[in-house]
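Engineer: Provided herewith is a single structure, encoded as structure tokens, for subsequent inquiry.
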Amino acid sequence: MELLNGVETLISGLHHHHRTNAKRNRRARSVKILNSGNHQIPRKCQCFDLYDQLVPYKNAWSWQKSIVEEKKTLIDRNQDCPDTVILLQHSPVYTMGTASTEDYLNFDIKDAPFDVYRTERGGEVTYHGPGQLVMYPIINLRNHEMDLHWYLRMLEEIVIRVLSSSFSIKASRLDSLTGVWVGSQKVAAIGIRVSKWITYHGLALNVTTDLTPFNWIVPCGIKDRKVGSIKGLLEDGEHGKVDDLTLIHVAHESLLKEFSEVFQLQIEKQAVPDPKILKAEPFKRLEC
């Protein structure tokens, strides 16, 4: 891991960004986050920026699937199909992939510490919770590259750029292991589903996450690696204690910037169409 002196300046200079500014940022508006070196007119991308909200997993999952169906309908009608990205945090939850095994759960599924959902994404079990930024790109790969390996590498590229540009952390890919790593620690998990070349699910970046719930599973089915977070990496270095809200704010802004540059999209922030998406639901053990 490489930590540069610029991180301290970045972090200390952003302590004044609090939730009032965050709420203001969620208003519907157009925000151009473009690569200055590219002079082509970028495609527009709807952005639902809920980065400081704990959204119940089931609500976000249903929301994604409804957006996918809307986009497939547009494609069937030969109409323009704009891309969408959702950025949020989740209430504590475990999610499993379509072929995940319960062997990677270190608890009785009937007495799970949090809700457990078996989804249609790829990959094994993982944890989502407060302090983890989750990005769900729902994009039409016909407008980019119709290549799933390319798409996975681009999601990794976004996180690698975020860690380097905003936190001076040197991250990398590991052969045959999807995700983003700093040394032996996995800081970002990736799991996707694609339907008629429309993507959903996405990436989860541990920023200030309490990593304890990862101890109750074998994250992503990888037994010989650890899970890490941006906060942990910084505090293990020379920076000491860092402010959680600042880290979340910086990581959120950087994720949107790097996403827009990697996919060459113009981010247009919009209001959430249905307030029910943000409402929590009763605790349940397992849903498929």
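The values are calculated or read from the model by the stated rules, or taken from the named source; none is laboratory data. This one's a predicted model, so the numbers in the text were calculated from it and none came from an experiment. Backbone-built Cβ (ideal geometry, glycine too); neighbour counts: all protein chains shown. Surface areas here come from the heavy atoms of the whole protein model, side chains and all, with no ligands, DNA or RNA. Shrake-Rupley method; radii C 1.70, N 1.55, O 1.52, S 1.80 Å.
Engineer: Name the residue, out of LYS72, LYS110, that is more than 27 Å from GLN46 (Cα to Cα), open to solvent by 10 Å² or more (accessible area, probe 1.4 Å), among the basic types (Lys, Arg) and not in a loop (DSSP other than H, G, I, E, B).
Structural biologist: Testing whether each residue is more than 27 Å from GLN46 (Cα to Cα), open to solvent by 10 Å² or more (accessible area, probe 1.4 Å), among the basic types (Lys, Arg) and not in a loop (DSSP other than H, G, I, E, B) leaves just LYS110.
Engineer: Now, a different point. Out of the stretch 201-234, which residues are in a strand (DSSP E or B) and either open to solvent by 20 Å² or more (accessible area, probe 1.4 Å) or among the hydrophobic types (A, V, I, L, M, F, W, C) (or both)?
Structural biologist: In the first step, residues of the stretch 201-234 are kept if they are in a strand (DSSP E or B); the result is 201-206, 217, 226-227.
Hits for the stretch 201-234 are LEU203, ALA204, LEU205, ILE217, LYS226, VAL227.
Engineer: Name the residue, out of SER229, SER184, SER176, that is under 26 Å from SER165 (Cβ atoms) and modelled with pLDDT under 95.
Structural biologist: Numbers: SER229 fails: modelled with pLDDT under 95; SER176 fails: under 26 Å from SER165 (Cβ atoms).
Within the list SER229, SER184, SER176, the selection yields SER184.
Engineer: A follow-up question, please. Name the single residue, out of those in the stretch 26-58 being in a strand (DSSP E or B) and at pLDDT below 50, that is surrounded by the fewest Cβ atoms within 10 Å (Cβ to Cβ).
Structural biologist: Step one: list which residues in the stretch 26-58 are in a strand (DSSP E or B), which gives 29-30, 43-55.
From the residues that got through so far, the ones that are at pLDDT below 50 too are 29-30.
Numbers: ARG29: 14, SER30: 11.
Top of the filtered list is SER30.
Engineer: When the residues of the stretch 265-288 are filtered to those that are part of a strand (DSSP E or B) and either under 26 Å from MET154 (Cα atoms) or not charged (D, E, K, R) (or both), which remaining residue is modelled with the lowest pLDDT?
Structural biologist: Our first condition is that a residue be part of a strand (DSSP E or B); within the stretch 265-288, this holds for 265-269, 286-287.
With either under 26 Å from MET154 (Cα atoms) or not charged (D, E, K, R) (or both) added as a condition, the list becomes 265-269, 286.
On the way: LEU265: 98, GLN266: 97, ILE267: 97, GLU268: 97, LYS269: 97, LEU286: 49.
Selected residue: LEU286.
Engineer: Just to be sure I understand, how many residues within the stretch 113-134 are open to solvent by 10 Å² or more (accessible area, probe 1.4 Å), closer than 21 Å to ILE248 by Cβ and part of a loop (DSSP other than H, G, I, E, B)?
Structural biologist: Number of matching residues: 2.
Engineer: Let me ask something else about it. Looking only at residues in the stretch 167-198 that are closer than 16 Å to GLY122 by Cβ and polar (S, T, N, Q), which one is least open to solvent (accessible area, probe 1.4 Å)?
Structural biologist: In this case the residue turns out to be SER195.
Engineer: Suppose the filter is open to solvent by less than 40 Å² (accessible area, probe 1.4 Å) and either of a type in the set (A, V, I, L, M, F, W, C) or within 20 Å of the chain's Cα centre (by Cα) (or both); does ALA99 pass it? Steps first, answer last, please.
Structural biologist: On the way: open to solvent by less than 40 Å² (accessible area, probe 1.4 Å): no; either of a type in the set (A, V, I, L, M, F, W, C) or within 20 Å of the chain's Cα centre (by Cα) (or both): yes.
Spelling it out, it is not the case that ALA99 is open to solvent by less than 40 Å² (accessible area, probe 1.4 Å) and either of a type in the set (A, V, I, L, M, F, W, C) or within 20 Å of the chain's Cα centre (by Cα) (or both).
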